[in-house]
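The structure's right below; bear with me while I get my questions together.
The values are calculated or read from the model by the stated rules, or taken from the named source; none is laboratory data. It should be emphasised that the depicted structure is a prediction, and the values quoted were computed from it without experimental measurement. Cβ sites come from the backbone with ideal geometry, for glycine too, and all protein chains shown count toward neighbours.
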Amino acid sequence: MTQTAAIAVEGLTFRYGEHQALDAVEFAVEPGGLFGLLGPNGGGKTTLFRVLSTLLPVQQGQVRLLDCDVARQPDAARRLIGVTFQSPSLDTRLTVFENLKHQSRLYGLPRTVWQPRTARLLDELGLSDRRDDRVDSLSGGQRRRVEIAKGLLHDPQILLLDEPSAGLDPGARIDLWHCLQTLRRQQQVTILLTTHLMEEADKCDRVAILDQGRLVVAGPPEVLRSELGGDCVSIRTQQPDALAAAILEQTGQPAQQFADALRWETPSAQQFIATLMSQFADRIDSITWGKPTLEDVFVHHTGHRFGDPPR
């Protein structure tokens with residue numbers, strides 16, 4: 001992997017006893033990039049995040065943050081990263097400013113450094129007018145922005161975000177993503193985030209899909225979608241086994257089969273759907289089709305739907 005990568009992960013394997021949480025994971029994030037780790041619960045995102053943030057040791061493989069080997073130089077690695085965890089870390093009885101002031105003391109920042117930096121971050125994150133308000137008076141989206149300000153207060157080069165929009169309403173998610181894009185432009189910070197939301201992963205420069213501890217595919221979202229080509233067709237039916245066999249016999253196209261649904265990737269959805277409706281309309285409950293999405297990419301590479309147990 002390139003030596004100029006902001007984050008470089010090679011052959012990372014991690015076990016909890018007999019359970020293998022990560023299996024030879026490899027990827028790189030370029031400086032200034034916005035990189036998403038997408039996967040269902042239990043896919044390995046949390047373990048990988050904890051290794052990157054030095055909360056778990058590197059058991060096997062290598063993790064480098066810029067020129068720092070995380071296994072050999074964990075303290076140096078911590079100075080390079082800002083971390084925002086999914087669980088809240090704010091003292092809700094203190095004001096926004098007081099929370100940031102206490103954070104600056106944990107890092108030993110002098111007043112001449114943390115005060116102007118705090119003012120700048122509050123401005124960039126749209127929180128200047130809430131500076132002296134108690135955190136318990138803020139909305140969920142505003143609290144999340146204060147969490148990000150805490151993570152950036154010591155001026156890290158890499159920002160790690162664990163499910164940053166968890167618990168936020170759609171409007172707050174939009175505001176949060178606007179803030180992340182602004183920070184990226186103004187501070188040139190590299191951002192890595194975990195998510196289980198397809199629409200968030202689509203906003204990243206590059207995304208890595210994790211499933212059962214393996215990195216199944218990685219690349220720019222638009223490239224991953226285009227590699228599938230054609231259209232994706234899904235139908236719901238109460239007779240998936242019998243209908244899959246009948247459609248295979250009629251069209252020669254095997255289906256990916258789930259509990260109550262069948263799925264195909266086909267060059268021409270209109271023609272394929274016309275055949276299905278002319279022959280099997282009475283056995284189809286619903287039918288949908290469209291250009292490939294990241295969920296289709298996940299299904300294509302894993303053989304199961306996002307959130308479903310592997311077959």
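Enumerate the helices (runs of 4 or more DSSP H) found wholly within the stretch 218-288, keeping only those where 1 or more residues are charged (D, E, K, R) and closer than 30 Å to ARG206 by Cβ.
Those helices (runs of 4 or more DSSP H) span 221-226.
Run down PHE97, PHE85 and say which single residue is farther than 19 Å from THR194 by Cβ and aromatic (Phe, Trp, Tyr).
Residue meeting the stated conditions: PHE97.
For ALA259, only one of the following conditions fails: (1) touching a helix residue (DSSP H, G or I) at 6+ places or on another chain (Cβ under 6 Å); (2) exposed (fewer than 14 other Cβ atoms within 10 Å of the Cβ). What is its number?
(1)
Here is a check on your reading of the model: is GLY213 of a type outside the set (Val, Ile, Thr) and touching a strand residue (DSSP E or B) at 6+ places or on another chain (Cβ under 7 Å)?
Yes: the conditions hold for GLY213.
Return the total of residues in the stretch 201-247 being in contact with a Phe, Trp or Tyr (Cβ under 7 Å, 6 or more places away or on another chain), of a type in the set (A, V, I, L, M, F, W, C) and touching a residue at least 40 places away in the same chain (Cβ under 8 Å).
Total satisfying the criteria: 8.
Looking at GLY108, GLY126, GLY82 in this structure, which one is among the small types (Gly, Ala, Ser), crowded, with 20+ Cβ neighbours inside 10 Å and assigned by TED's automatic domain parsing to the domain that holds SER165?
Sole residue among the options that is among the small types (Gly, Ala, Ser), crowded, with 20+ Cβ neighbours inside 10 Å and assigned by TED's automatic domain parsing to the domain that holds SER165: GLY82.
Of everything in the stretch 262-306 that's surrounded by fewer than 18 Cβ atoms within 10 Å (Cβ to Cβ), of a type in the set (Gly, Ala, Ser) and touching a strand residue (DSSP E or B) at 6+ places or on another chain (Cβ under 8 Å), which residue is farthest from ILE209 (Cα to Cα)?
Among those residues, the one meeting the criterion is SER286.
Only one of ARG120, ARG185, ARG173, ARG145 is in contact with a Leu (Cβ under 8 Å, 6 or more places away or on another chain), in the same structural domain as GLN20 (by TED's automatic domain parsing) and free of Cβ contacts under 8 Å to residues at least 60 places away in the same chain. Can you tell me which?
Unique residue meeting the criteria: ARG145.
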